[in-house]
Amino acid sequence: MGMLISRVRFRAAGRTIGTAMGTSGMPKSRWDAPAEAGRTRYSPLQIVLHWAVVALVTVQWLTYDAIARTHSSLMRPKPIDLLEHSVHTWSGIAIGVLMVARLGLRFRRRREGSRLGWKDRVAALVHSGLYAALLAQAASGFVARYLWGGAALAHVWIWKAILALLVLHVLGAAYHLVRRDGVFGRMLPGPRAASGGR
Ligand code: HEM
Ligand code: HEM
């Protein structure tokens, strides 16, 4: 029955690094099951959310310029600036919501910390930093927009932190891509992930 919760364990790089909850021995939903047990530790839902957030952060980067133009007392904002401002607001709120969802999915997985090397620890630290910084950025943007303009200063500084974390994150991803150790493929959908991915 639906109440009976079982765990599907999967292994990657020779160690158990996650679980996916399910009913009657089956993953709870296809979307939230690991794409290929034993090969990847991210479910299709986690992969979709990762790349959706990447797209939305790109939108934030493309639209933030227009906000200064809409707030400028020296010039009249163009309609496109107003549109970009609004896109920035809604895309930023979406990032906040999606990061909360990602965090929820993340907490359903366990990590065996004792067997992690220093590189895994750095990666985990950068990942945690990205979660924290993106959530804080969505919150500070919301506060700056609707509650208290002073939060804009935090919004500017958190963005610099996000950029620094992203440099480390993308360098890490490139390192795994070059080494072809399958880590990059864990965040790719489909056959690439199933084949260990690059
Ligand atoms: C994680 C999501 C977000 C990212 C990555 C982001 C990024 C940025 C960046 C880079 C800037 C320009 C900062 C600068 O001048 O150097 C900015 C400005 C701004 N953002 Fe966001 N933003 C996000 C979410 C939001 C949300 C949710 C809102 C509103 C609901 C918002 C409202 C604003 C406003 C009002 C400004 C202008 C602040 C000012 O007056 O200087 N942002 N954002
Ligand atoms: C806005 C941009 C990005 C953000 C906010 C972001 C955030 C994250 C986070 C938080 C994780 C950890 C997921 C978890 O364990 O819960 C992760 C994993 C990952 N990301 Fe990104 N990421 C971004 C861009 C990228 C880009 C551009 C690449 C590829 C070049 C990439 C490749 C990966 C890979 C391969 C993993 C899996 C690492 C592993 O299994 O240990 N990410 N990302």
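Every number in this text was worked out from the coordinates using simple rules, so none of it is lab data. The structure displayed is predicted, hence computed values, not measured ones. Here the Cβ is made from the backbone with ideal geometry for all residues, glycine too, and neighbour counts use every protein chain on show.
Structure values in brief
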read-out: Using a Förster distance of 41 Å, the FRET efficiency for L83-D181 (Cβ separation, nearest 0.05); value: 0.40
read-out: Extension reserve of the V100-A52 stretch, reckoned as 0.36 nm per residue once the Cα distance is removed; value: 15.9 nm
read-out: Cβ-based exposure ranking for L105, L188, in which fewest neighbours within 10 Å come first; value: L105, L188
read-out: Approximate spin-label separation V170-I93, in nm, with each point projected 7 Å along Cα-to-Cβ; value: 2.9 nm
read-out: From phi via Karplus (6.51, -1.76, 1.60), per-residue ³J(HN,Hα) for segment 66-72 in Hz, x at Gly/Pro; value: 5, 5, 4, 5, 6, 8, 5
read-out: Whole-Hz couplings from phi, Karplus 6.51/-1.76/1.60, listed for segment 169-184; x for Gly and Pro; value: 4, 6, 4, x, 4, 5, 4, 5, 5, 5, 6, 6, 9, x, 5, 4
read-out: Gained length - W118 relative to S73, 0.36 nm times residue gap less alpha-carbon distance; value: 11.1 nm
